[in-house]
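The values are calculated or read from the model by the stated rules, or taken from the named source; none is laboratory data. All values derive from a computational prediction rather than experimental measurement. Note: ideal-geometry Cβ built from the backbone for every residue, glycine included; neighbour counts use all protein chains shown. Note: accessible area is taken over every heavy atom of the protein model, side chains too, but ligands, DNA and RNA are not part of it. Shrake-Rupley method; radii C 1.70, N 1.55, O 1.52, S 1.80 Å.
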Amino acid sequence: MSGKLGRSIATLALCALHAGAGAQAWPAKSIRIIVPFTPGSGTDIMARTVSEKLSLQLGQPIVIENRPGAGGTIGTALVAKAEPDGHTILVHSSTYTVTPSTYADLPYDTLRDLTGVAPLGLLPNVLVIAPSKGIRSVKELVAAAKAKPGSMNSASIGIGSGTHLNAERFRLGAGIEVVNVPFKGTPEALTEVMTGRVDYYFCPVNAALPFLKDGKVRALAVASTKRSLALPELPTTLEAGVPDSDYNFWVGMFAPAKTPREVVNRLYQETAKALRAADVREKMARLGAEPMDYNPEQFNAYIRDEIAANAALVKAAGIKLE
């Protein structure tokens, strides 16, 4: 072996050793998880549930920071511009794949500046309505909307949010005219539905469950492709006869795109391990969250496909860019 070749091999081996050492050294300090929504939201609760277990596994504190506003883009931009060392992480919802179509000047590139690590779970939306409306099925709701086009309204937590996209997908599939009424958050939206001032809302299942048990709202269907484990007796909107109306709302973890691959992979492995823990599974089940078993490559492919699908939906629904 020549001296030059030997030196090249030694250099490569040293680089590999340093890379491995970097992965083993992570995390070297506390980890900050940015949630771009308010405390108490489904995304926030899922982030906190997983972070408690992750902190124990990694031996470092994990701090949750809520940075709500502008459809989640404020918190997302913060992570996109953070040091890519695995110590600043984003936990976002499926709204992440909507904002490229609803915000004209995002302060980051959704696909280039961040990378998916792992989905934390599917959190189905449930179509709820006030019992006082006297509507007991999706069929009756669609019939009422068609009888008086434009007279009904639906709640959302903002233009271009997952709840808005869900309602628009249902509206287009049912062929009805309904006015969107945006609110700051789910509590306000649910309150207006319960009073009857707003007709219906595609509500995250975790937020709807207490009110369903108390009889303050009535569930007509779930919006996910499959029935919800938390409400197995409810049909999906597809089963209820509305074609192309399914909308899967999920929560996932992201990191800055230049984060070392070995760190991303370890974060994925530790997150998957945390999600398999019995106590975490129990807490997630109480939220109505369901598993989504994707590795980083699969998750990123899913994100790319969903961005394209949401762009088509935004165009079809006539949603204007912010």
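Okay, here's what the table says:
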{"quantity": "Qualifying residues in segment 14-42 (those that are under 25 Å from residue 72 (Cα atoms) and modelled with pLDDT under 90) - the one surrounded by the most Cβ atoms within 10 Å (Cβ to Cβ)", "calculated": "37"}
{"quantity": "Hits in segment 116-134 (condition: touching a Gly at 6+ places or on another chain (Cβ under 8 Å), under 15 Å from residue 202 (Cβ atoms) and not polar (S, T, N, Q))", "calculated": "123, 124, 130"}
{"quantity": "Restricting segment 85-114 to residues that are over 25 Å from residue 314 (Cα atoms) and open to solvent by less than 40 Å² (accessible area, probe 1.4 Å), the residue that is nearest to the chain's Cα centre (by Cα)", "calculated": "89"}
{"quantity": "Residues of segment 193-216 that turn out to be in contact (Cβ under 8 Å) with a residue 60 or more places away in the chain and under 19 Å from residue 161 (Cβ atoms), as a count", "calculated": "11"}
{"quantity": "Subset tally (residues that are surrounded by 13 or more Cβ atoms within 10 Å (Cβ to Cβ), on the phi < 0 side of the Ramachandran plot and of a type in the set (A, V, I, L, M, F, W, C)) for segment 57-75", "calculated": "4"}
{"quantity": "Count - residues of segment 179-202 that are assigned to a strand (DSSP E or B) and either at pLDDT below 90 or among the β-branched types (Val, Ile, Thr) (or both)", "calculated": "2"}
{"quantity": "Test: residue in segment 143-150 that is touching a residue at least 60 places away in the same chain (Cβ under 8 Å) and either buried (at least 17 other Cβ atoms within 10 Å of the Cβ) or under 17 Å from residue 98 (Cβ atoms) (or both)", "calculated": "no"}
{"quantity": "Filter result (more than 22 Å from residue 124 (Cβ to Cβ) and open to solvent by 30 Å² or more (accessible area, probe 1.4 Å)) within segment 289-300", "calculated": "295, 297, 300"}
